[in-house]
Amino acid sequence: MSELHEKADEIREEIIKMLVNVGSGHTGGALGAADFWTALYLGGLVRVDPDNPWDEARDRVVLSAGHYCPAQYAVLAEMGFFEKKELMSLRQINSRLQGHPVVRCLPGIENTSGPLGQGISQAVGMAIVGKRERKQWRVVCFMGDGEQQEGQVWEAYMLASKERLANLTVVIDRNNMQIDGRTEEVMPLEPLRTKLETFGMEVFEVDGHEIGSIMETFAKVRMVYERPSVILLHTVPGKGVGFMEGLVEWHGKAPSAAEAVEALRELGKTEDD
Amino acid sequence: MINPEMQLVESLDKVEVKAMRDGYGEALLELGKDERLWVLVADLMESTRVKDFAKKYPDRFVELGIAEQNMMGVAAGMALEGKAVFVNSFACFSPGRNYDQLRVSVCVGKANVKVVGGHAGAGNGEDGANQQSFEDVGMVRSLPNLMVVSPADYEQVKRATRAIAAHEGPVYMRMTAPARPVVTSKMTPFVLGKAQVLRRGGEVGLIVSGAMVYEGLRAADELSGKVDVEVINIHTIKPIDESEIIRVAQKCKRIVVAEEHQIIGGLGSAVAEVLVKEGVGVKMKMVGMSDVFGESGKPDELLVKYGMSKEAIIKAIKELAGK
């Protein structure tokens, strides 16, 4: 596991470099979810092949909260879906690395996302096809917690439950943060677990910075029968960079050059330990 | 005179009256043999005429309940899996309520989704203004990658349904509601994107779509001997048949556009865009909703009250021709 944790910190470094290079983007969420994205791809929780990115048998990874894309881009590059040097083109003109992902803009990017709540419906559509056609592949959909405030999300949960989509795993980054502040102050979500369970979802909770626990939870999800699963991933936004951790101001901004140097120094130290 | 190449019904006085949605339901059932075709509905199975498909092909049918936003997204997800997905509701809800999902989940990625908006225009007459849809074409026409189709009648809906199923990419098809006279026949040529010259004339070019096709043909008939009217059916509003519009404009120099839709943003706007861009100077009048909402009433009563009838078309043509 420690190897994957080191990888996650390298991913964090890439995220900082990408964001400072372009001077805009969402830092907090991407850093907070870096352990998860590392576990998902580099820990082998989904079956994907960088050399054959659109293989019919692949698992589908749907990013619903599009603003997390720097984390996914960095991990995809690490996996070899495209060259790492391309990461620095994030959000720039003529780049494949769009500020919010567009379907198939890059190998491994399954869907278009940005306006929150749209990815989950697409994931449900894929999972219905997969289930009815008895496919072995699974669908993983990554969402933000603030995103749960969109009504469309609950429409999608109702359908996922009605269609008994055991091939669908929803991961919600429960970092308690959204642009306007803490979720429980902006628009309370609690009791989130109860709400999800009432909508027919099997709910798991896990420390989103413990890669081993994330992997154990995915193993449990595979045992769920006839219902969709939700994993509440408890994370700290900005994780790994002390002066960003838990602060709402880092939700939607990029670090300055000086801040990036400091962030990289801190992440580098962790690496040396 | 009526263009024989179009193989319309023999006489406008002897027409069958049939609902567009029946043509849609029948075509969908035929197309069901294609295993790529899926059908989604949001609690309007009977009204949108997808019930027969649902019975025959339950494995490729999904009832989503009253959740149009989710329906559009689910369709996009299925399209990403290689399916051709028909999304069904009333136009006021779809694309009315799920425009953002149409824009982002469907159009940005060119998902192979066919949005079929029923009861468009004055369709849901008695239900009142908020269930009517005079804005749908204006809403969706600016969306890149989206084709916009507005067939004339029952037969043309059948042809259009087959054609859009075969077309790879997103399409919006609007149907107006009540049973209407059927003027096209099984033999009428139909090609997406190609305007139809239904009647030849030299003084005024009348450009119509949807249920206004019949009203327009009647209007031209009544004016025969007084004003010589050419009638063009634009069943594909986007991409629009620019060359045909330019041709009739250059010939007649006077253009009337009639549609069961708001004047702002609809077919008339689309025609005007073409003419201005190409520098074709014409006198022009638009028949449609004049920037107001409707009210409860029978669809035909609404069309008369709000100026989208044969009489309104005749008035516009006469004014333009100075007669």
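Rule-based calculations on the coordinates, nothing more; no lab input. None of these values were measured; they are calculated from a predicted model. Glycine also receives a Cβ, built like all others from the backbone with ideal geometry; neighbour counts cover every protein chain displayed.
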| Size of the range A:7-58 along its principal axes in angstrom, Cα-based, largest extent first? | 37, 19, 16
| Mean projection of the alpha-carbon convex hull of the range B:17-181 over all orientations, in nm²? | 8.2 nm²
| field | For a label point 7 Å along the Cα-to-beta-carbon line of B:Ala179, residues of the range B:23-38 with backbone N under 13 Å | value | B:23
| remark: Ranked on Cβ counts within 10 Å of their own Cβ, fewest leading, A:Phe243, B:Phe134 go A:Phe243, B:Phe134
| field | Cα-projected label distance for B:Asp59 with A:Arg227, points at 7 Å along beta-carbon direction, nm | value | 2.8 nm
| note | Taking every DSSP bridge whose two residues both lie in the protein assembly as shown, the antiparallel percent to the nearest 5 is 15 percent
| field | Residue of B:Val227, B:Val182, B:Val137 that the Gaussian network model of chain B assigns the largest fluctuation, springs spanning Cα pairs under 10 Å | value | B:Val227
| request: Just need the relative contact order of chain B here, percent rounded to a whole number, with Cα pairs under 8 Å and 6+ apart. | output: 19 percent
| request: Wrap a convex hull around the Cα atoms of the protein assembly as shown, take a quarter of its surface area, and give that in square nanometres. | output: 28.2 nm²
| Proxy reagent accessibility, fewest Cβ within 10 Å first, across B:Val62, A:Val46, B:Val231, A:Val206 | A:Val46, A:Val206, B:Val62, B:Val231
| said: Can you order the peptides A:249-259, B:18-28, B:115-125, A:34-44 by their average number of other Cβ atoms within 10 Å per residue, highest first? | reply: B:115-125, A:34-44, B:18-28, A:249-259
| Number of partner chain Cβ atoms within 10 Å, mean per residue of A:153-164 | 4
| task | Could you state, as a whole-number percent, how many of the C-alpha pairs of the range B:3-67 are farther apart than 15 Å? | result | 60 percent
| message | Tell me the angle of helix A:151-162 to the major Cα principal axis of chain A, expressed in degrees between 0 and 90 and rounded to the nearest ten. | response | 40 degrees
| note | Of all lysine pairs in the range A:2-272 that are eight or more residues apart or on different chains, those with Cα atoms under 18 Å apart total 14
| task | Using just the alpha carbons, could you tell me how many Å³ per residue the convex hull of chain A encloses? | result | 112 Å³
| Given the rule -39500 (n - 2.57) for each run of at least 4 DSSP H residues, summed and divided by the residues of chain A, what is its mean residue ellipticity at 222 nm, to the nearest 500 deg cm²/dmol? | -12500 deg cm²/dmol
| request: Kindly write out, for the range A:191-198 in residue order, the coupling ³J(HN,Hα) from the Karplus curve 6.51 cos²θ - 1.76 cosθ + 1.60 (θ = phi - 60°), rounded to whole Hz, with x marking Gly and Pro. | output: x, 5, 4, 4, 4, 5, 5, 5
| Order of A:Tyr157, B:Tyr172, B:Tyr306 - criterion: other Cβ atoms within 10 Å of each residue's Cβ, fewest first | B:Tyr306, A:Tyr157, B:Tyr172
| remark: For peptide B:101-109, the mean count of other chain Cβ atoms within 10 Å per residue Cβ is 6
